[in-house]
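S.K.: Quick one: the structure is below, questions incoming.
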Amino acid sequence: MYLLDIHTHSIASGHGSTDTIADLARTAASRGLKLLGVSDHAPSTMCAGTTSYFRGLAMAPRRRFGVELLYGVELNILDYAGHVDLDAVTLSSLNYAIASMHRPNLRAGSIKQNTSAYIGAMKNPYVSVIGHCDDTRYPVDYGALVAEAASSHVLLEINNSSLSPDGYRGDTRDNIRRILQLCKAAGHPVLLSSDSHGREHIGDFSCIEPLLRECRFPEELIINHSPASLKRFLIRE
Ligand SMILES: [Zn+2]
Ligand SMILES: [Zn+2]
């Protein structure tokens, strides 16, 4: 039973979705989730949230429709040193931050450059999760990534939308198998994410499940079973 999904987007991310945080929370409740994290795109994404939007979330309700709400952000990694697009003061006001690579904001580099960008982002004390590092367009050294995630106490995400038939990150299955095998060997948990833009895919990890079975991935290393375990990875509750 999966109890949480913390990579989701509301109307504030642009991309044409018109669903509000309330819509997302209502859907999360109807699907049995106990905890929903809203992680709208950070300011470098076109038409996404502004710094003032993220700062204002400190005043937003912590519970809707019986679901606990956490407010985060999906940051853009901007360079191969792993710099991101929100300042420390704003990040400190949020519950968590996911750091991801997106095409308009970071040109794909060599394996060494891409790996260095993720590792730099993981060293940022406000980054709790690395988003969709399965992306075939940004090749990385997964051994180095998992080792850094374990030592920096950061979660690597397994992204359902990457695997969906309309996914646009290439065939990510081999990369996801690699992440799962390395995390299993290291005893380091993974985070399953829907990356739902709007309410439609909230809590949907159905494209990931066959790979979890194939890799015999241990249930106890799937952090979506335990909000309390997840919170130990986040900036603050
Ligand atoms: Zn993303
Ligand atoms: Zn996203």
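The values are calculated or read from the model by the stated rules, or taken from the named source; none is laboratory data. Since the structure is predicted, the reported quantities are computational estimates derived from the model, not experimental observations. All Cβ positions, even for glycine, are placed from backbone atoms using ideal geometry, and neighbour counts span all protein chains on display. Accessible surface is based on the protein model in full, side chains and every heavy atom, while ligands, DNA and RNA are left aside. Shrake-Rupley method; radii C 1.70, N 1.55, O 1.52, S 1.80 Å.
S.K.: Among the DSSP beta bridges whose two residues both lie in the chain, what percent are antiparallel, rounded to the nearest 5?
M.R.: Restricted to the chain, the bridges split so that about 10 percent are antiparallel.
S.K.: Counting only heavy atoms of protein chains, what accessible area per residue, in Å², does the chain have with a probe of 1.4 Å?
M.R.: 41 Å²
S.K.: Please list 3J(HN,Hα) in residue order for region 56-72, calculated via the Karplus relation 6.51 cos²θ - 1.76 cosθ + 1.60 where θ = phi - 60°; whole Hz, with x for glycine and proline.
M.R.: x, 5, 4, 9, 7, x, 8, 8, 9, 6, x, 9, 6, 10, 10, 10, x
S.K.: Now for a separate question. With N set to the residue count of region 112-237, report its C-alpha Rg divided by 2.2 N^0.38 Å to two decimal places.
M.R.: Output field value: 0.99.
S.K.: Taking the Cα of GLU200, stepping 7 Å toward and past its beta carbon, and measuring to each backbone N in region 19-36: which are under 12 Å?
M.R.: From region 19-36, the list is 19.
S.K.: Using amide H atoms built 1.01 Å from N in the peptide plane, name the residues 5+ places from HIS41, or on other chains, whose amide H lies under 5 Å from its own.
M.R.: Counting only residues 5 or more places away or on other chains, the set is SER13, GLY49, GLU74.
S.K.: Still on this structure: Sorted from largest down, give the three principal axis spans of the alpha carbons of region 195-237, whole angstrom values.
M.R.: So the extents along the principal axes, rounded to whole Å, are 34, 29, 12.
S.K.: Here's a follow-up. Taking 0.36 nm per residue of separation and subtracting the Cα-Cα distance, what length does fully extending ARG177 through ARG62 add?
M.R.: Numbers: separation 115, 0.36 × 115 = 41.40 nm, distance 3.51 nm.
Net length gain for the segment: 37.9 nm.
S.K.: When a/c reaches 1.5 or more, the comparison of a/b and b/c decides; with that in mind, is region 60-151 rounded, prolate or oblate per its Cα gyration tensor? Please report the intermediate quantities before stating the final value.
M.R.: Values: a/c = 2.06, a/b = 1.92, b/c = 1.07.
Here region 60-151 falls in the prolate category.
S.K.: Now, a different point. So, in Å, what gap is there between the alpha-carbon centers of region 136-181 and region 101-119?
M.R.: If we compute the Cα centre of each part, the gap is 13 Å.
S.K.: 7 Å from Cα along Cα→Cβ at both ASP87 and ALA29: what's the point-to-point distance in nm?
M.R.: Result for the modelled spin labels: 3.7 nm.
S.K.: Mind running the shape call on region 4-110? Use the C-alpha gyration tensor, a ≥ b ≥ c as the square roots of the eigenvalues: rounded below 1.5 for a/c, prolate if a/b tops b/c, oblate otherwise.
M.R.: prolate
S.K.: While we're on this one: Strictly greater than 23 Å: what percent of every Cα pair in the chain meets that?
M.R.: Values: 11792 of 27966 pairs.
Value for the chain (Cα pairs over 23 Å): 42 percent.
S.K.: Which order do TYR142, TYR168 take when ranked by solvent-accessible area (1.4 Å probe, heavy atoms of all protein chains), largest first?
M.R.: Correct descending sequence by accessible area is TYR168, TYR142.
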